[in-house]
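Trainee: Input: one structure, supplied below.
The values are calculated or read from the model by the stated rules, or taken from the named source; none is laboratory data. Remember, it's a predicted structure, so these values are computed and weren't measured experimentally. For neighbour counting, all protein chains shown are included, and Cβ atoms are generated from backbone atoms with ideal geometry for every residue, glycine included. We work out accessible area using only protein heavy atoms, side chains counted, and drop any ligands, DNA or RNA first. Shrake-Rupley method; radii C 1.70, N 1.55, O 1.52, S 1.80 Å.
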Amino acid sequence: MFDLMEKAVEKGLLLGATYIDIRIVKNASEEIKIKNGAVEEATIKTDSGFGVRVLKNGAWGFHSSNKIDKHTLDQVVETAVKIAEASATRSKKPVKLAPVKTIKDKWRTPWIKDPFDVPFKDKLELFLEADETIREQSDYVKAGMVSYEARKIHKWFVSSEGSKIEAEIVFCGVGVSALTAKNGDVQRRSLPTSFGGNYVKRGWEYVESLNLVELAERVGKEATMLLDAKSCPSGKTTLILDSSQLALQIHESCGHPSEADRVLGTEASYAGTSFLTPDKLGKLKYGSEIVNIVMDPSPEKYPEALGSYKYDDEGVPVKRTYIVKEGVFTGYQLSRETAVELGFEESNGAMRADNWNRIPLIRMSLISLEPGDWRPEEIIEDTKDGIYMDTNRSWSIDDKRLNFQFGCELAWKIEKGEKKELLKNPVYQGITPEFWGNCDAIGKDFFIWGIPNCGKGEPQQIMWVSHGASTARFRNVMVFSGR
Amino acid sequence: MKELDEIKSWIIDTAQTVIKHVIENGAWQADVRIEYGENYLTRFANSQIHQNVGETYTKAFLRVFLRDKRFGCVTIISRDIDEILKAADQALKIAKASKPDLFFKSLPEPDRILPTDRKMFFEEMIRLTPFDRAEVVGKVIDAAHEAGKHVSAVNGALSTVLRLQAIANSLGVNVFQAYSFASLNVLVTAKNMQSEAEGFAYRVSGNLKEISAEEVGFEAGERASSGLDAKKIEPGDYEVVFLPYATATLMFHLAIDTSARSKDLGVSSLINKENKKVLHEDISVVDDPRSEKTPVPLLFDGEGVPKRRLVLFDHGVFKNFVYDSYYAGKEGKKSTGHASFWRHASPFPSNLVFEPGNSKFDDLIEDTKNGILVSRLHYSNTVDPRRGIITAMTRAGTFKIENGELKYSIKNMRFTDSYHRILNSLSILGKDFRSMVVRRGFITAPSIKVNSVKFVGTTG
């Protein structure tokens with residue numbers, strides 16, 4: 001494979017490219033969805049292809065094809081060079097890339113049981129049992145749902161700077177959820193978390209480690225209980241978030257705004273920009289002093305985290321970077337190009353593409369709120385009056401990542417240090433630095449959540465990322481009922 | 001063209017070969033969608049091209065059903081017939097290991113495709129070079145900068161798309177269509193010493209030639225320039241004039257609710273509302289591939305079912321959910337021709353048109369005493385699906401309207417409200433309309449003036 005790629009790189013250089021990289025990617029994915037006892041989706045997807053990224057006259061060109069042979073590679077390289085030449089006609093500033101050392105390596109994620117080797121029948125049996133368990137919990141269950149996806153990626157990277165990297169990645173995840181309905185009210189409960197479940201870079205052993213049927217029983221019961229719960233009250237109060245909701249809060253209000261491409265305006269037209277402008281680096285009080293948010297995708301520390309990897313799609317080794325240190329905004333997620341633009345010596349390895357037919361963009365990897373020293377129960381015991389919210393139900397945030405609104409699946413009224421009453425339709429709203437500035441307790445129940453569906457870019461790319469988070473408390477937060 | 005003719009023959013023949021193969025190997029019914037595509041996208045930011053990408057692909061999606069209603073699906077990106085047949089065997093294997101889905105009744109029978117006199121495929125779109133796209137982008141950038149001295153950055157994307165699609169099933173469906181379209185979105189940033197503002201404009205057409213790059217650039221540039229020095233106003237209940245770009249977002253949420261899948265899941269706000277007045281009586285919404293207002297007429301859906309005009313709302317009365325063969329079979333109905341292209345059982349409108357009115361845009365402003373002009377909505381999401389409650393931020397041009405006049409620019413605001421309530425408070429329908437690409441279809445919507453939207457927050 002590398003020989004074929006190296007020849008294409010040579011061809012690009014002969015055509016005047018000053019830099020060229022080629023990625024060949026082979027993908028397999030399996031998706032199973034069960035709804036109310038029926039197999040709603042049972043799909044295997046396979047594809048392979050290559051993408052060629054070229055710098056010529058200081059501008060980028062990219063082209064790709066699903067046909068991997070020498071003739072097509074040559075054609076695609078030629079087109080990519082032409083596209084770069086066309087880009088250069090409307091470029092003001094030539095692209096410069098931060099240096100990177102030449103890498104020759106092969107790495108893989110740590111799966112034990114290849115999910116694609118597990119008989120389809122066995123998977124189905126487990127998922128159908130979970131689905132049935134959900135629906136057994138009450139007559140109000142309108143839908144029991146199980147969703148599962150596994151993916152296997154084999155990729156090769158070659159650059160004109162001499163790097164040759166091969167990677168084999170396997171990840172999978174599963175989730176159960178219940179929809180209940182009564183008198184026009186609909187409630188949803190999902191575990192381990194919402195929107196398809198939790199994902200990890202492991203094999204089928206992860207699915208086996210979850211007691212899916214037990215989770216199914218819980219979602220059926222809790223979704224039924226929610227129907228008779230009171231609506232969340234309105235007003236400013238103390239808010240405690242469970243770690244899965246906090247993971248999404250980190251994702252939207254810290255992960256996205258610290259992407260250097262957003263900061264430099266290159267995602268302005270679609271996803272938006274960022275309030276974390278370069279003049280604020282090292283100065284802005286992003287949160288309270290106990291808030292430390294770090295990008296650390298190194299597979300040595302958390303090999304099973306969905307967002308961990310050894311090298312990004314520019315061939316850059318990942319580098320641990322604090323985005324927020326003791327409450328102060330201190331760092332960005334970088335590419336080689338944005339590192340130069342923002343005055344950093346090197347990239348920290350945040351560039352990934354979701355497939356062979358897409359260019360790498362700055363994507364979140366493993367971005368975590370470092371744990372505190374509170375036990376989650378202590379946080380509740382220490383709260384006189386407040387609301388505890390659990391598991392995301394809806395989200396929205398503005399283009400600069402300041403004004404956000406999140407809805408959760410369920411909440412508890414906290415009174416005198418105890419969870420008193422179940423509440424439904426809870427929503428909270430805030431402005432990012434104010435919200436994090438009011439964080440006064442972080443739990444030690446650190447857990448890494450895997451999100452397989454973060455969208456960004458045009459054409460849109462769906463990336464797999466993860467966030468470590470714990471139970472945490474925030475003062476003076478506006479809450480209300482989403483009803 | 002010769003190459004595309006060969007591709008056309010190849011995908012039509014391959015579709016037939018695949019169906020024959022799976023039926024011979026034990027499938028009761030089967031269908032396959034094969035698409036050849038050429039997509040190019042030139043992105044620009046900070047007034048220069050920064051990403052410029054292209055792809056060609058051949059993709060197939062195959063479903064096989066056994067007589068006892070077990071089924072399996074495969075998707076493969078390949079132009080190799082052996083690989084596609086291998087994937088077809090895998091679909092059979094999945095089906096054999098699966099459990100029956102007794103809600104599935106049958107794939108659709110062949111039906112006559114209604115002709116269209118509109119052109120779907122423009123040959124000049126094939127001949128576009130990267131330099132042609134760069135030239136269009138250049139015109140956008142120049143026009144936006146000419147719109148105001150404070151314009152600091154022109155951002156956006158120009159996309160050109162060619163698709164050749166063949167669909168076949170074991171009951172005799174065997175259809176082909178080819179279409180092209182170009183879309184251009186532009187977001188301009190203006191800056192002065194005190195503030196920063198954005199302006200947005202968007203166009204989509206079957207032919208890039210029909211899009212005036214200068215007009216789009218100027219529109220976004222002008223709006224950005226007039227948005228500087230925004231003031232903050234208190235959240236509350238305001239009258240609102242939505243530009244078509246913002247109305248289209250409301251229509252997207254409405255479209256989700258019209259899907260038979262949303263109904264089946266119990267998460268549509270339109271459940272039990274068929275033939276009931278749901279929206280203001282001046283609101284009529286159709287899904288009509290032959291409407292002159294939709295940019296690209298799609299002849300059939302992802303199952304090869306002919307697309308016909310379907311009334312979704314008639315003078316505010318909700319008339320129809322949209323169905324594919326799965327949900328139609330489940331409810332004992334006929335498919336309305338809204339099957340998804342790449343997913344099993346996920347119907348969605350593809351040529352949705354919110355019928356415009358007769359009023360000039362100025363009439364909408366003049367009708368507003370204490371209101372807000374919303375140019376675009378950002379990051380909208382559902383808060384309570386059964387009640388149609390959504391939340392979104394305003395973006396790229398939010399202005400205060402007082403006593404019938406546009407007064408000043410305001411900071412972006414968040415609303416959380418039911419789109420039913422918003423659209424029930426309609427006051428005037430504009431005659432201007434725009435179309436946007438949504439999922440694999442198009443939404444067309446006019447400017448509207450409504451009497452009440454609940455804003456719950458402000459940025460900055």
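Trainee: Kindly identify the stretch A:241-341 as rounded, prolate or oblate by the Cα gyration tensor criterion: order the square roots of the eigenvalues as a ≥ b ≥ c, call it rounded if a/c is under 1.5, otherwise compare a/b with b/c, prolate if a/b is larger, else oblate.
Mentor: It comes out rounded by the Cα gyration axes.
Trainee: Of all the stretches in chain A, which is the longest one without any exposed loop site, taking GluC sites (Glu not before Pro) in a DSSP loop (any state but H, G, I, E, B) with at most 10 other Cβ atoms within 10 Å?
Mentor: Counting at most 10 other Cβ atoms within 10 Å as exposed, the longest clean stretch of chain A is A:1-299.
Trainee: Here is a follow-up. Give me the residues in the stretch B:417-460 whose solvent-accessible area, probe 1.4 Å, is reduced by at least 20 Å² once all protein chains are included instead of the chain isolated.
Mentor: With the partner chains in place, the stretch B:417-460 has these residues losing at least 20 Å²: B:456, B:458, B:459.
Trainee: Mind scanning A:301/A:456; A:280/A:400; A:152/A:310 and naming the pairs with a C-alpha gap bigger than 21 Å?
Mentor: In this structure, A:301/A:456 lie more than 21 Å apart at Cα.
Trainee: Only four residue types carry charge here, +1 at the Cβ of Lys and Arg and -1 at the Cβ of Asp and Glu. Report the dipole size of the protein assembly as shown about the Cα centre in Debye, rounded to the nearest 20.
Mentor: 580 debye
Trainee: Using amide H atoms built in the peptide plane, which far-off residues or other-chain residues are under 5 Å from residue A:320 H to H?
Mentor: Here nothing satisfies the definition.
Trainee: Still on this structure: Compute the relative contact order of the stretch A:430-481 as a whole-number percentage, counting only Cα pairs closer than 8 Å that sit 6 or more residues apart in sequence.
Mentor: Values: 71 pairs, mean separation 23.1, N = 52.
That works out to 44 percent.
Trainee: What is the extension gain from residue B:117 to residue B:358, computed as 0.36 nm multiplied by their sequence separation minus the C-alpha to C-alpha distance, in nm to one decimal?
Mentor: Extra length from residue B:117 to residue B:358 when fully extended: 84.2 nm.
Trainee: Follow-up question, since we're still on this one. How much of the accessible area of chain B, probe 1.4 Å, is carbon plus sulfur, in whole percent?
Mentor: Roughly 48 percent, rounded to a whole number.
Trainee: Hey, what do the phi angles of the stretch B:452-458 turn into as Karplus ³J(HN,Hα) couplings, whole Hz, using 6.51/-1.76/1.60 and θ = phi - 60°, x for Gly and Pro?
Mentor: Values, residue by residue: 7, 9, 8, 8, 10, x, 9 Hz.
Trainee: Kindly list the residues of the stretch B:171-193 that lie in the label zone of residue B:209, defined by a backbone N under 16 Å from the point 7 Å along the Cα-to-C-beta vector.
Mentor: Residues passing the 16 Å test: B:180-182.
Trainee: Between residue A:444 and residue A:418, what is the FRET efficiency for a Förster distance of 22 Å, r being their Cβ-Cβ separation, to the nearest 0.05?
Mentor: 0.60
Trainee: Would you work out if the stretch A:315-380 is rounded, prolate or oblate? Take a ≥ b ≥ c from the square roots of the eigenvalues of the alpha-carbon gyration tensor; rounded if a/c is under 1.5, else prolate when a/b is larger than b/c, oblate otherwise.
Mentor: In terms of gyration-tensor shape, oblate.
Trainee: Follow-up. How much accessible surface does residue A:1 have with a 1.4 Å probe, in Å² rounded to 10?
Mentor: That residue has around 80 Å² of solvent-accessible surface.
Trainee: In square angstrom, what is the accessible area per residue of the stretch B:237-458 with a 1.4 angstrom probe?
Mentor: So the stretch B:237-458 comes to 30 Å² accessible per residue, rounded to a whole number.
Trainee: Same structure, new question: Consider just the alpha-carbon atoms of the stretch B:2-225 and return their Rg together with their Dmax, both in angstrom.
Mentor: For the stretch B:2-225, the Cα radius of gyration and maximum Cα-Cα distance read 23.1, 73 Å.
Trainee: On to the next question. Check which residues have an amide H placed less than 5 Å from residue B:57's amide H, if you skip close sequence neighbours.
Mentor: Amide H neighbours of residue B:57: B:37.
Trainee: Mark the label point 7 Å from the Cα of residue A:18 along Cα→Cβ and return the residues of the stretch A:62-87 whose backbone N is within less than 15 Å of it.
Mentor: A:84-87
Trainee: Show the residues, 5+ positions off or on another chain, whose built amide H is closer than 5 Å to the amide H of residue B:359.
Mentor: B:429, B:431
Trainee: Using only Cα atoms, what is the ratio of the radius of gyration of chain B to 2.2 N^0.38 Å?
Mentor: 1.04
Trainee: Put simply, what bits of the stretch B:125-150 lose 50 Å² or more of accessible area when the other protein chains are there, versus the chain on its own (1.4 Å probe)?
Mentor: B:130, B:131
Trainee: Mean separation of Cα pairs under 8 Å and 6+ residues apart, divided by the residue count of chain B: what relative contact order is that in percent?
Mentor: On the way: 1255 pairs, mean separation 69.9, N = 460.
Once normalised by length, the contact order is 15 percent.
Trainee: For chain A, what does the alpha-carbon gyration tensor say about shape, rounded, prolate or oblate, given a ≥ b ≥ c as the root eigenvalues, a/c under 1.5 as rounded, and a/b over b/c as prolate?
Mentor: Judged from the Cα gyration tensor, chain A comes out oblate (a/c at least 1.5, b/c at or above a/b).
Trainee: Separate question: Probe of 1.4 angstrom, ligands and nucleic acids ignored: what's the accessible area per residue over the stretch B:2-225, in square angstrom?
Mentor: For the stretch B:2-225, the per-residue accessible area is 38 Å².
Trainee: If you place +1 on the Cβ of every Lys and Arg and -1 on the Cβ of every Asp and Glu, how big does the dipole about the Cα centre of chain A come out, in debye to the nearest 20?
Mentor: So the magnitude is around 1120 debye.
Trainee: Follow-up. Of all accessible surface on chain A at a 1.4 Å probe, what whole percent is carbon and sulfur?
Mentor: 49 percent
Trainee: Oh, and also: Which ³J(HN,Hα) values, rounded to whole Hz and listed in residue order, are derived for the stretch A:421-436 from phi using the Karplus coefficients 6.51, -1.76 and 1.60 in 6.51 cos²θ - 1.76 cosθ + 1.60 with θ = phi - 60°, glycine and proline given as x?
Mentor: 9, 6, 10, 10, 6, x, 9, 10, 9, x, 10, 3, x, 5, 4, 5
Trainee: Tilt of helix A:2-14 relative to the longest C-alpha principal axis of chain A, in degrees (0 to 90, nearest 10)?
Mentor: Relative to chain A, helix A:2-14 is tipped by roughly 60 degrees.
Trainee: Still on this structure, I have one more. Once you've got the Cα coordinates, tell me which of A:67/A:155; A:35/A:113; B:209/B:360; A:67/B:86; A:92/B:231; A:82/B:139 are over 24 Å apart. Mind showing how you got there, number by number?
Mentor: Details: A:67/A:155 15 Å; A:35/A:113 26 Å; B:209/B:360 27 Å; A:67/B:86 17 Å; A:92/B:231 33 Å; A:82/B:139 20 Å.
In this structure, A:35/A:113; B:209/B:360; A:92/B:231 lie more than 24 Å apart at Cα.
Trainee: Also, I was wondering about something else. Count the net charge of all other residues whose Cβ sits under 11 Å from the Cβ of residue B:131, scoring Lys and Arg as +1 and Asp and Glu as -1. Could you put the intermediate results ahead of the total?
Mentor: Numbers: positive: A:82, A:90, B:133; negative: A:85, B:132, B:135.
Net of charged neighbours comes to 0.
Trainee: A further question follows. Within a Cβ distance under 14 Å of residue B:318, other residues only, what is the Lys/Arg minus Asp/Glu net charge?
Mentor: Numbers: positive: B:263, B:273, B:276, B:277, B:319; negative: B:257, B:274, B:281, B:287, B:314.
Around residue B:318, the surrounding residues sum to 0.
Trainee: Based on alpha-carbon centroids, what's the gap between the stretch A:361-438 and the stretch A:294-352 in Å, whole number please?
Mentor: Answer, in whole Å: 26.
Trainee: Then there is this: Multiply the residue gap between residue A:70 and residue A:228 by 0.36 nm, knock off their C-alpha separation, and tell me the result in nm, one decimal place. Could you put the intermediate results ahead of the total?
Mentor: Working: separation 158, 0.36 × 158 = 56.88 nm, distance 6.45 nm.
Going from the current span to full extension adds 50.4 nm.
Trainee: Estimate for me the total accessible surface buried between chains A and B (protein heavy atoms, probe 1.4 Å, no ligands or nucleic acids), in Å² to the nearest 100.
Mentor: So the buried area, both faces added, is about 6500 Å².
Trainee: Only helical DSSP H runs with n ≥ 4 go in: add -39500 (n - 2.57) per run for chain A, normalise by residue count and round the 222 nm mean residue ellipticity to 500 deg cm²/dmol.
Mentor: -6000 deg cm²/dmol, from helical runs alone.
Trainee: Cα axis of helix B:244-258 to longest principal axis of chain B: angle in degrees, 0 to 90, nearest 10?
Mentor: 40 degrees
Trainee: Same structure, new question: With axes computed from alpha carbons, what is the tilt in degrees of helix B:81-97 against the longest principal axis of chain B, rounded to the nearest 10 within 0 to 90?
Mentor: Between helix and principal axis, roughly 80 degrees.
Trainee: A follow-up question, please. Suppose we take every Cα in the protein assembly as shown and form the convex hull; what volume per residue is that in Å³?
Mentor: 145 Å³
Trainee: Please identify every one of the trypsin sites (Lys or Arg not before Pro) in the stretch B:1-72 that sits in a loop by DSSP and has no more than 13 other beta carbons within 10 Å of its own beta carbon.
Mentor: Values: sites: B:2, B:8, B:20, B:33, B:43, B:59, B:63, B:67, B:69, B:70; in loops: B:67, B:69, B:70.
Sites meeting the loop and neighbour criteria: B:67.
Trainee: Gain in length, residue A:113 to residue A:382, computed as 0.36 nm per residue apart minus the alpha-carbon separation, to one decimal in nm?
Mentor: Between residue A:113 and residue A:382, full extension yields 92.5 nm more.
Trainee: In whole Hz, with x marking every Gly and Pro, tabulate ³J(HN,Hα) for the stretch A:64-76 from phi via Karplus 6.51 cos²θ - 1.76 cosθ + 1.60, θ = phi - 60°.
Mentor: With the stated coefficients, the stretch A:64-76 comes to 8, 7, 8, 9, 9, 8, 4, 4, 5, 4, 4, 4, 5 Hz.
Trainee: Separate question: Pairs of alpha-carbon atoms within less than 8 angstrom and 6+ residues apart define the contacts here; what relative contact order does the stretch A:2-228 have, in percent?
Mentor: Once normalised by length, the contact order is 22 percent.
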